[in-house]
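Every read-out reported here was derived from the displayed coordinates using simple, explicitly stated rules and does not represent laboratory data. Computed from a prediction, not measured in an experiment: that's the story for all the values here. Note: ideal-geometry Cβ built from the backbone for every residue, glycine included; neighbour counts use all protein chains shown.
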Amino acid sequence: MEKKIVLGSLFGDEGKGTVVQWLCKKAIADNKKCIVVRFCGGPQAGHTVTHNGITHEFSSFGSGTLLGVPTYITEDVLVDPICLCKEWDVLLNKGIEPEFHISTLCRIITPYDVIHAREDKKTLQDGTTGHGVYAAVIRNEDFPTYFYDGNPEDMLKNSREYYGLEKDEELEELFISCYNRIKDFYYTKVFPSDVLIYEGTQGLLLDAERGFYPNVTATEVGLNTLDEETLKDAEVYFVTRTYLTRHGNGYNPEHFNCFNREESNKTNEFQGEFKVGAMEFSLLDQAFERHCIDNYVARYDIKPKLVITHLDLPKDKPYYYYEKDRLRCLLKYDKDYIISLFVKNIPIYLNQIFYSDNNLSDIKEW
C-alpha cells in the first residue's frame, strides 16, 4: 500500500488541497483505488480546489471529493456535525455525493464550544478561525464528547454546563439533527485502498507544540501525529507558495504591493486580515528544524518532496524574498532560480521537487 502525506510548510494556505487532488488524479490514472485521510485538526481547514468547472472549499471533507474519492476522518480529528452537514449539503447542491466515514473515537465540537471561542478574549487575542476547535480540545480534556457516545442531548448538556451558557433551543435542535444524520458513517480502521493520501489541515508553524506560541492551532499538525506504520517508507509532500502567507494573529509577513492577486482566503471577523508578503527562507528552515524532519527521514526512510505553488506570481511583478535576513528583489522572472532558492534553503535532502503556476495549473516535476 502506498502512503502519501501532504503537509503545509509554513503558516497554512499553501495549496495543500490542490496537491491532494493532484495525487488523487495520479492514482486514478494508474487504476489504483485511493482514499483521502483527514488525520488532524478540525473544520478550520479551507482547501479550495476546482474540477470540471466546480470549485469548492473543503473544510470537513477530503480534497479528493470532487473526483469521487472517499474521505476517512481519523480519531485525531475534531468533528462538528453542523459544519459537516452544511458542507455536505453544499456539495449535494453542486451535484457531488461525498463518500465518507468517521472514527468512533473522534471528539465532537458542540455549538457551545463555538460560542465560547467567539466570545473568549484570550482565544480571540491568540487567534481563532471561529470554529471552536481550541475550546473543544480544552473542554474535551475535562468533559469528553466522543462520536461513539450516541447521545447528542448529553453532549450538549455537558458542554453547555461546562461554559455556564444559556440553552439555545434552535442550535441544539440543529446539532441533534446533524448528529443523527452522520451517526451511521463510522468506520473501524479498515482501508480497502491501494493509495492512502493523508491530508494535513494547517502549516508546520501552526503546530500546537512546534509553532510560534501562542498564535498556533490547538492540535498537532505534523508528522508527530502519525504512527510508525504510517510513516515508514511514506512519501511526504511539503507544500509552500512562492510568497509568505499568514491568516490570523501572530507573525506578520512583510507587505508588498506586488502581491495584489485575487485570493480565495478572505479576511473574516474572527481570523482578521489575510496577509501576504515576501518569502522568508529562514522560516522554512525553522519549520523543518522544529519538526525534526531530518530525524523522520533517517528513522522511517520517508521520501521528502517539495511542492512550490503560485509560480506565476513573479512573472509580471518584481519578486521579493528574504535570504539570510536580507531583503532581495528579483526583477527578471527566472523560474529555475526561484525554485533553486527554496531547495538550497531547506535543511534536508529532497527526494523530488514539483511546482505549479497557480491553483488551476498542472503540477509538474522540476
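Lysines within cross-link reach of Lys94: Cα-Cα under 26 Å, excluding same-chain residues under 8 positions apart? Hits, sequence-local ones excluded: Lys16, Lys25, Lys26, Lys32, Lys33, Lys86, Lys183, Lys266. Which shape class applies to region 1-98: rounded if a/c is under 1.5, otherwise prolate when a/b exceeds b/c and oblate if not, where a ≥ b ≥ c are the square roots of the Cα gyration tensor eigenvalues? Rounded is the answer for region 1-98, as its axis ratio a/c remains below 1.5.
Only helices enter this figure: runs of n ≥ 4 DSSP H residues, each worth -39500 (n - 2.57), summed and divided by the residues of the chain, yield -9000 deg cm²/dmol at 222 nm to the nearest 500. Considering only the Cα atoms of region 302-366, their convex hull presents on average a projected area of 4.9 nm². Anyone know which of Asn345, Asn52, Asn158 comes out most mobile in the 10 Å Cα GNM of the chain? Residue with maximal mean-square fluctuation among Asn345, Asn52, Asn158: Asn52.
Hull volume per residue, based on the alpha-carbon atoms of region 163-216 and their convex hull, is 186 Å³.
Among residues other than Lys94 with Cβ under 12 Å from its Cβ, the summed charge is -4 (Lys and Arg +1, Asp and Glu -1). I want to verify the translational diffusion coefficient of the chain in µm²/s; compute it with Stokes-Einstein, Rh as the Kirkwood radius over Cα pairs, at 20 °C and 1.002 mPa s. So the translational diffusion coefficient is about 102 µm²/s. Computed over the chain with a Gaussian network model linking Cα atoms closer than 10 Å, the most mobile of Arg107, Arg181, Arg241 is Arg181.
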